[in-house]
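Worksheet for the structure shown next.
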Amino acid sequence: MGKLIYLITTSIDGYVADKNGDFGWTQPSEEELAFINDIESRVGTFLLGRHMYETLAVWDTIPTDGPSDGMNHFAKIWRAAKKIVYSTSLSDVSTANTIVEHIFTPDIVKSLVAESDKDFSIGGPHLAAEAIKAGLVDEYHHFIAPLDGTAIYSRLSVMAQITCKPIVCQQSGDFHVSTVLSSLLLFFLFQMK
């Protein structure tokens, strides 16, 4: 039986893109990509909204023997996996092993995941929200990407008062949170770097 995994990178206040739609600040470091690849290596099917599919489709053409081990590994994961794109406007896809579904049906997804010996990964906040609402997501991986700028509070020393498990602090300053924490706690952790 597989699991449905939701892996997302956001700003501390939960945004996946800025007001212009730019999400370049979410690009993972080599260390973070290795961590992501470890999670995604168990995935046999990606469930994607149209925007996420259009963003990730480039992995069909990225060389698997380039200078980045993390990128090489993810390109192999992406190419080996099936892709289901949920879109009401998309009718054709350019990547291998990809089909388009026009309606996200939770019961069908639940059956697909239960019958699989590999995991599923869901991508795109709107599609993931539907899966979360239906109670389908088994595992959450939330990366918080710090943004450079002026903080409204000084760096706070609250770690002595708070015990959080599990959290992996990446050298780059990003945090991987695999449990649901309050946004206030995440803000304090963000300020600790």
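Taking strands (runs of 3 or more DSSP E) as the structural unit, those lying wholly within segment 1-108 and holding at least 1 residues that are open to solvent by 50 Å² or more (accessible area, probe 1.4 Å) correspond to 82-86, 98-101.
Pairs are defined by a Cβ separation below 8 Å, a sequence spacing of at least 6 or placement on different chains, a first member in segment 24-46 that is modelled with pLDDT of 95 or more, and a second member that is among the basic types (Lys, Arg) and open to solvent by less than 60 Å² (accessible area, probe 1.4 Å); the pairs so defined are 45/83; 46/83. Among the residues of segment 19-48, the one identified as basic (Lys, Arg) and over 24 Å from residue 1 (Cβ atoms) is 19. In this structure, residue 46 does not satisfy being in contact with a Phe, Trp or Tyr (Cβ under 6 Å, 6 or more places away or on another chain) and closer than 24 Å to residue 133 by Cα.
The values are calculated or read from the model by the stated rules, or taken from the named source; none is laboratory data. These numbers were taken from a predicted model, which means no experiment stands behind them. Neighbour counts run over all protein chains shown; Cβ positions are idealised from the backbone, glycine included. All accessible areas refer to the heavy atoms of the entire protein, side chains included, with ligands and DNA or RNA removed. Shrake-Rupley method; radii C 1.70, N 1.55, O 1.52, S 1.80 Å.
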